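The values are calculated or read from the model by the stated rules, or taken from the named source; none is laboratory data. Keep in mind that this is a model prediction, so the values were computed, not measured. All Cβ positions, even for glycine, are placed from backbone atoms using ideal geometry, and neighbour counts span all protein chains on display.
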Amino acid sequence: MDTSNLKDCLDSLFERFMAESSIFINKDVLSHDFIPEVLPHREKEIFRLASILAPSLKGEKCSNLFIYGKTGTGKTAVSKYVLARLEKKSLKLQGRVKVCYVNCRLAGTEYRVTASLCSALSLQIPFTGLSTAEVLNRLFKRLSQLGVYLVVVLDEVDELVKGYGDRLLYELTRSNSLLSKGKISLVGISNDLYFKELLDPRVLSSLSEEEIVFKPYTASQIKDILLQRAKMAFKPGSLPLSTLNLCAALAASEHGDARRALDLLRVAGEIAEREGATKVEERHVHEAQRKIEHDRTVEVLASLPLHSKILLAVLYFNGKPKLKGLTTGELYEGYVSLCRKAQVEPLTHRRVSGLLSELDMLGVVEARLVSLGRYGRTKKIQLKIPKKTLEKAFLEDVYFASLTENGELA
C-alpha cells in the first residue's frame, strides 16, 4: 500500500469512528469504575457497611472492618457507593467526616498510600523526600487540628502488606489512642482469603473487628447486572438477549465474576463496532473471550507486586534449567541477592513462601515436592509460563528491562 492510499485509509477509519456509533450509547457504563445509582443484589452488604460506618456522623468510634471475597463480587463498588453517600450526608452536617479511598496496588508504596490520606485532609505532601514516619506524623497532627473523623478504605490491602509488611496498618489501627482530637476508621479490602495469615496478631484483631464476606454472583444475578448496564450502554436492538445470556453464563462459570461479564460485553461490542455491525452477536462474545484470555495472563503478571516480580526474575535467569527448577533455598538465596542489588529490603523466608504459593495458585510457577534420599525432601520451583510471555508482561517495567539487557543476575 502506497503512502497516499494509507493516508486515505486512515482518514476513512477516523471518520468512521468519529461518526455516531452503531452499537453504543455510552460505553463508559461498562467500565469497572462506573458506580450506578443502584447496585443489584448487594443491598444486604451495602446496609451492613453503612451501619458500621454510620456512627462516624456523630463522631463516635466505628469498628475497623475487613471485607473479602473473590474478584468481581462487588467489594469495591459497594465501598465506593457507601463512601460517596456517607460523605454527602456529612456535608449536610458541617462536614465532620472525611473519606478516603486508596487502591494499594495502584498507589504502590506505603509513602504514596499515606500521602493519599493526607490529601483527603487537604494536606499536600511532596512526591518524595520524607520518611513514611514523618508523613504519618503530619497526618495525625492534621487530624488533631481539624478534629474530623477520617474513614479510610484500603482496597487490595494485601498488596501493601506483601510488599512492605503490616507496619503502616499497625500505626493506623493504633492511631486513635494517640490522637487528642479526630479519629480514624479502617476498611481493608482483599481478594486473598489467606491474606490475614500475614498479619501480626495485634493488627489482625484490630482490623478484623467486623468482617463482611462477598459471595460470588450467580448466573441470574450477573444477568440482572448486565441488563441494567446494557440499557445505558447499548442502542435499542443492538444487543440480542441471547448474546447477553452468553456473557452471563461465561462469567458465572468463572466463579461469578461480574467484572469479567462487563469486560466480555464491552469487548464484544467493540469488536462488533469495528466490523461495522449493527448487532453484537454471540460470535463476537467468543472472539472477545479469546482476546481477554490472552491479555489476562499478561495483565496479571504486569500487576504483580515488586517482590513477586523479583522471584520471577530469579527463575527467569535460572542457570540450571536441566535440573528442572530451583530448590526453595536456592531461590531464596537468589532473591535476597537481587533485592540487595535493587536496594530493596528482602522479605522473610516465610513471607516469600507465601508469595510462591500465590504464584503457584495463579499457575505462573510450579512447586513440586522432590525427594533427596537420605537428605530428606524439598520443593523445586520452576516457571510454568513461556519466558516470552514474561518478557512481554514486564516490557514496560524499568527494573526488569535493565536485567534483561544484562542477560544475567550476576
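If I ask for residues that are surrounded by fewer than 21 Cβ atoms within 10 Å (Cβ to Cβ), charged (D, E, K, R) and part of a helix (DSSP H, G or I), which ones from the stretch 41-66 would you list?
Those that are surrounded by fewer than 21 Cβ atoms within 10 Å (Cβ to Cβ), charged (D, E, K, R) and part of a helix (DSSP H, G or I): Glu43, Lys44, Arg48, Lys58.
Can you list the strands (runs of 3 or more DSSP E) found entirely within the stretch 120-227 that contain at least 1 residues being exposed (fewer than 14 other Cβ atoms within 10 Å of the Cβ) and on the phi < 0 side of the Ramachandran plot? Write out each step before concluding.
On the way: elements: 149-155, 183-190, 210-214.
Hits in the stretch 120-227: 210-214.
Given the residues Val113, Val82, Val102, Val78, which is the only one that is in contact with a Cys (Cβ under 7 Å, 6 or more places away or on another chain), under 27 Å from Asn191 (Cβ atoms) and assigned by TED's automatic domain parsing to the domain that holds Ala50?
Answer to the selection: Val113.
Please state which one of Leu403, Leu347, Leu311, Leu304 is at pLDDT 70 or above and not in a loop (DSSP other than H, G, I, E, B).
Details: Leu403 fails: at pLDDT 70 or above; Leu347 fails: not in a loop (DSSP other than H, G, I, E, B); Leu304 fails: not in a loop (DSSP other than H, G, I, E, B).
Going through Leu403, Leu347, Leu311, Leu304 in turn, just one is at pLDDT 70 or above and not in a loop (DSSP other than H, G, I, E, B): Leu311.
Here is a list of conditions, (1) assigned to a helix (DSSP H, G or I); (2) surrounded by 16 or more Cβ atoms within 10 Å (Cβ to Cβ), and Val280 meets all of them except one; can you say which number that is?
(1)
Here is a check on your reading of the model: is Leu93 free of Cβ contacts under 8 Å to residues at least 40 places away in the same chain, hydrophobic (A, V, I, L, M, F, W, C) and not assigned by TED's automatic domain parsing to the domain that holds His255?
Yes, satisfied.
Can you confirm whether Gly256 is more than 19 Å from Thr76 (Cβ to Cβ) and in a loop (DSSP other than H, G, I, E, B)?
no
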